[in-house]
């Protein structure tokens, strides 16, 4: 399958994430990290952000060692000084040792893979780099609740629900320990208020997740 190339992606992302939108994303990710994701990540952990993009997660999370993996060299323009950069494919993370990572984080990436074989290869390599007992944290658009809106972005190829992704994880010998089929809204352009106070309030009110949530939150563990 021929997909959108890197030069085209950069043009898309410059249009999709203008300066004002990026400022809002940074504020949102700072709160998501401090008020939600940090609870899964010991502050002395080795954390790998797969398809790190503009590094909103890895720059804001607290960890002993931070690694950003991306195929695009532009990741160097966004990673903080305390972030190690690895330029690699998601299914072949050369430069990341076996059993060396405590937590792998993946946000809004699997839908960009060309097919299910690429997903399975990526999950296999994630499992390779994780330590025994290490966690995979996933934030993933859930086509089960998005329907046509899932395809509003030209670089989305692989349709996934929380259920199909859970099966893929199980087939890769990962123990799925937490699934929220509805967690966050689909995009930062959703109707959910963007003020930091309201984002914090949303995260503390799980009763709101089924109303606004279009993305799944999943946690899987590499067993012994």
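No value in this document is a laboratory result; all are computed from the given coordinates. In this text, all values refer to a predicted model and were calculated from it rather than measured experimentally. FYI the Cβ positions are ideal-geometry reconstructions off the backbone, even for glycines, and counts take in every protein chain you see.
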Residues in segment 49-71 reached by a label modelled at residue 86 [backbone nitrogen below 14 Å; 7 Å Cα→Cβ]: 49-52, 65-71
Antiparallel DSSP bridges in segment 29-115: what percent, to the nearest 5? 5 percent
For segment 130-224, compute Rh as the Kirkwood radius over C-alpha pairs and then the Stokes-Einstein diffusion coefficient at 20 °C and 1.002 mPa s; write the answer in µm²/s, rounded to an integer. 148 µm²/s
Enumerate the whole-percent occupancy of each 5 Å bin, from 0 to the last occupied one, for all C-alpha pair distances of segment 28-140. 2, 13, 24, 27, 21, 10, 2, 0
Summing -39500 (n - 2.57) over every DSSP H run of at least 4 in the chain, dividing by its residue total and rounding to the nearest 500, the 222 nm mean residue ellipticity is -9000 deg cm²/dmol
What percent does the relative contact order of segment 99-221 come to when contacts are Cα pairs within less than 8 Å and at least six residues apart? 32 percent
Averaging sequence separations of C-alpha pairs under 8 Å and six or more residues apart, then dividing by the length of the chain, give the relative contact order as a whole percent. 18 percent
Among 165-171, 200-206, 29-35, the order from most to least packed when residues are scored by Cβ within 10 Å on average: 29-35, 165-171, 200-206
Listed highest first by mean packing, meaning other Cβ atoms within 10 Å per residue, what order do 76-82, 134-140 come in? 134-140, 76-82
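Counting DSSP beta bridges with both partners in the chain, what percentage is antiparallel, nearest 5?
Rounded to the nearest five, the antiparallel share is 40 percent.
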Everything considered on the Cα gyration tensor (a ≥ b ≥ c; rounded for a/c under 1.5, else prolate if a/b is larger than b/c, else oblate), segment 26-65 must be described as oblate
Is the shape of segment 6-221 rounded, prolate or oblate, going by the alpha carbon gyration tensor and its root eigenvalues a ≥ b ≥ c, with a/c under 1.5 for rounded and a/b larger than b/c for prolate? rounded
Quickly rank 57-63, 209-215 as a protection proxy: mean count of other C-beta atoms within 10 Å, highest first. 57-63, 209-215
